[in-house]
Amino acid sequence: MKIWAHRGCSQNYPENTLTAFAKAAGLKGLTGIELDIQLTKDGSMVVCHDEKVDRTTDGMGELRGYTLSELKKLRIDAGKGKYERIPTMEEVIDLLEDRLKEGLKLNIELKNSIFPYEGMEEKIIDLVHKRGLHNSVIYSSFHALSVERIKEIDPDAETGILDRNVSDCLYKLKGGCMADALHPFWRGMDLPKEKLAGFPVRAWFTGHLYPEKPTGTRLDLKTLEEKGITDVFLNEPEMYL
Ligand code: G3P
Ligand code: CA
């Protein structure tokens, strides 16, 4: 089973922050790091899960309504009187570049199924290529047309198609998005392993994120593997590694 850090080490540090990514980058045996990107009002690529800044920062409203300099003023509570800022994609690459060149993978999820963020695919592919990281990145989205667009721009790009159920991932694949992997919810394994056509199956989890505390439940990775899951995106990869 390959283990990824979901939004960085997001159980013990604020999700999608430089600290959460730095902690993940320090883990031995980790396959990769997953993160989410959105676009600001002035077209900067930033790493944030929600379309709104309300849940993770001290700001309010839609992220796309902020310029980058406005967004950088918002604070992410990191506990003990410390705070962080929403990172740009470039800042994350600066942080992870050496580890990515050593073999760590980066799954960049384009958060474009609510707002389409026109031109986002070109922007992220351009940045990844400029930094020489095209062999380290897997792009994913719930938005099948966006996954298709990535392959049109860069046929060598590695992609994953997201949905709740693995059958829906396969359905989108048959619709022509040309994804290289299926990214279902872990409870969405509604087909037998034999029907998954040998695709990598990278399963994601919901549940507790910083600063909430774990329930103490530990996933049985062997059972997940028997269902055909090859990789897991975990909030607390450090517990499993
Ligand atoms: O990319 C896997 C997973 O992160 C998708 O769900 O809501 O955590 O972005 P979400
Ligand atoms: Ca995600």
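The values are calculated or read from the model by the stated rules, or taken from the named source; none is laboratory data. Note that the structure is a prediction, hence the values are computed from the model and not measured. Every residue, glycine as well, gets a Cβ built from its backbone with ideal geometry; the counts of neighbours run over all protein chains shown.
The single condition among (1) within 14 Å of ligand 2 (Cβ to nearest atom); (2) of a type in the set (A, V, I, L, M, F, W, C); (3) assigned to a loop (DSSP other than H, G, I, E, B); (4) within 19 Å of THR31 (Cα to Cα) that LEU209 does not meet is (4). Being within 19 Å of ALA24 (Cβ to Cβ) and modelled with pLDDT under 90 is a condition met by at least one residue of the stretch 219-234.
Wholly within the stretch 66-154, which strands (runs of 3 or more DSSP E) include no fewer than the required count, namely at least 1 residues that are in contact with a Gly (Cβ under 7 Å, 6 or more places away or on another chain)? Working first, answer last.
Numbers: elements: 76-79, 82-84, 105-110, 137-141.
Ranges flagged: 105-110, 137-141.
So, in the stretch 163-172, of the ones that are within 16 Å of ligand 1 (Cβ to nearest atom) and surrounded by fewer than 20 Cβ atoms within 10 Å (Cβ to Cβ), which residue ends up farthest from LYS2 (Cα to Cα)?
Result: ASP168.
Can you name every residue in the stretch 39-97 that is of a type in the set (D, E, K, R) and under 18 Å from ILE114 (Cβ atoms)?
Keep residues of the stretch 39-97 that are of a type in the set (D, E, K, R), which gives 41-42, 50-52, 54-55, 58, 62, 64, 70, 72-73, 75, 77, 80, 82, 84-85, 90-91, 94, 97.
If the condition is that a residue be of a type in the set (D, E, K, R) and under 18 Å from ILE114 (Cβ atoms), then LYS41, ASP50, GLU51, LYS52, ASP54, ARG55, GLU62, ARG64 are the ones that fit.
If only residues of the stretch 133-158 that are in contact (Cβ under 8 Å) with a residue 24 or more places away in the chain, closer than 20 Å to GLU97 by Cα and touching a helix residue (DSSP H, G or I) at 6+ places or on another chain (Cβ under 8 Å) are counted, the one that is farthest from ligand 1 (Cβ to nearest atom) is LEU133. When TYR83, TYR117 are checked against the criterion of being more than 16 Å from ligand 2 (Cβ to nearest atom) and of a type in the set (Phe, Trp, Tyr), a single residue qualifies: TYR83. Here is a check on your reading of the model: is ASP190 over 16 Å from the mean Cα position of the chain (by Cα), farther than 23 Å from LEU63 by Cβ and not in a loop (DSSP other than H, G, I, E, B)? Spelling it out, it is not the case that ASP190 is over 16 Å from the mean Cα position of the chain (by Cα), farther than 23 Å from LEU63 by Cβ and not in a loop (DSSP other than H, G, I, E, B).
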